[in-house]
1. For labels at residue 16 and residue 64 in the simple 7 Å Cα→Cβ model, what's the distance in nm?
2. Taking neighbour Cβ counts within 10 Å as the exposure measure, how do 258, 27 sort from fewest upward?
3. How high is the relative contact order of the chain? Use alpha-carbon pairs under 8 Å, at least six apart in sequence, and give a whole percent.
4. Treat each spin label as a single point 7 Å out from the Cα along the C-beta direction, and report the residue 368 to residue 150 distance in nm.
5. If you average the sequence gap of Cα pairs under 8 Å that are 6 or more apart and divide by the length of region 129-237, what percent do you get for the contact order?
6. Restricting to Cα atoms and excluding each atom paired with itself, what does the Kirkwood estimate give for the chain in Å?
7. Extension gain residue 266-residue 315, at 0.36 nm per residue separation less the Cα-Cα distance, in nm?
8. Using the alpha-carbon atoms, what tilt in degrees (0 to 90, nearest 10) does helix 14-26 show relative to the longest principal axis of the chain?
Ligand code: CAA
């Protein structure tokens, strides 16, 4: 697999280093100080998005001609990673906005759709969401119950989507619907549906373990009429569009998870040097060093897996398997790092005085959304064996 790929450069370019410093500075000054309060109040931080837009953080990999920053995928990962270090709720908003919505419109949209939506999305004038998941279509994304029926020149959409990040704050939704059940996944179509379209409502979902300052909603379509101009790609392309989007979304989730591990490691190294027990810093105890060493190795491994997938994306090489590897490894390692970081901090780690309990609550969802860890393992296994695991 690797032999076919061009060599990967392990050094970041001066531009990438500068991007990391700029985002890190922004995260330390703006994101981290607000994260605890926003989490406690379950408050969606729209004002942070408005501050991020002029810095180019809302349209990193989108070409400049469509309002983006025209960055490569490693730079995109660096931005996502740093935001993830600060607040996974905000990172989730960003992942959906850029990776599931903007990049999908960029790849599958008509020139008119790209010009209409991308500049506004990159400027934060519009937020987007991705309506794939349904009550009975989670891992089995091809089993869509939402229907789209062509009536003259209009499509009539009926159905419901659930667990949709940015669901109630989004101005535009990419919505997947079945046009012909007999064709199974080949009957699915994707639509761009704007907030305010008659027959389209969104309701907030609360009570989440983590990601409490991110917005999660249910989208409901009742006799919702859209025109042929709302179709994204061709009828029947829907499933491929969803999978393409998830190849990007999973990359972003993986990068965000790297940010969580980095945050845990930074906190643990600092605390283990300060905290005294039995007359010496706890960092002097081998059992603490073992935990910190494991965290550091996981951080490097996860980051390198992300950058490898980003390198393939930069080259335009198919990267579904490598992206799944990065998402699987980074998200599981983030859960583990957050758990161990709490352990190292003892009772302080269990309290929201430190960000570790939030990291822990936020990390878990990365092993679930945009494809569970089990789905990532099956994607990797199927690709290695050439045997489908889903039939
Ligand atoms: N890119 C492009 N096309 C792809 C693709 C990819 N990565 N993966 C598959 N396809 C194509 C295949 O080539 C195939 O095309 P043909 O029909 O023309 O041959 C077609 O899609 C079907 O592929 P499979 O037979 O492999 O599909 P499957 O049904 O067996 O399994 C799956 C697919 C991997 C299980 C998939 O359903 C999946 O990823 N499930 C998880 C869904 C998921 O991640 N949901 C997350 C919801 S979004 C979310 O969480 C957003 C949020 O708000 C945070």
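1. Result for the modelled spin labels: 2.1 nm.
2. By the 10 Å Cβ count, ascending: 27, 258.
3. Working: 738 pairs, mean separation 62.0, N = 391.
For the chain, the relative contact order is 16 percent.
4. If labels sit at residue 368 and residue 150, their model points lie 3.9 nm apart.
5. Details: 263 pairs, mean separation 34.5, N = 109.
That works out to 32 percent.
6. Working: mean 1/r = 0.0468 Å⁻¹.
Roughly 21.4 Å, rounded to one decimal.
7. Numbers: separation 49, 0.36 × 49 = 17.64 nm, distance 3.24 nm.
Between residue 266 and residue 315, full extension yields an extra 14.4 nm.
8. Taking the Cα atoms of the chain, the angle to 14-26 is about 80 degrees.
Read the figures in this text as sums done on the coordinates, not as results from a lab. Source: prediction; values computed, not measured. Neighbour counts run over all protein chains shown; Cβ positions are idealised from the backbone, glycine included.
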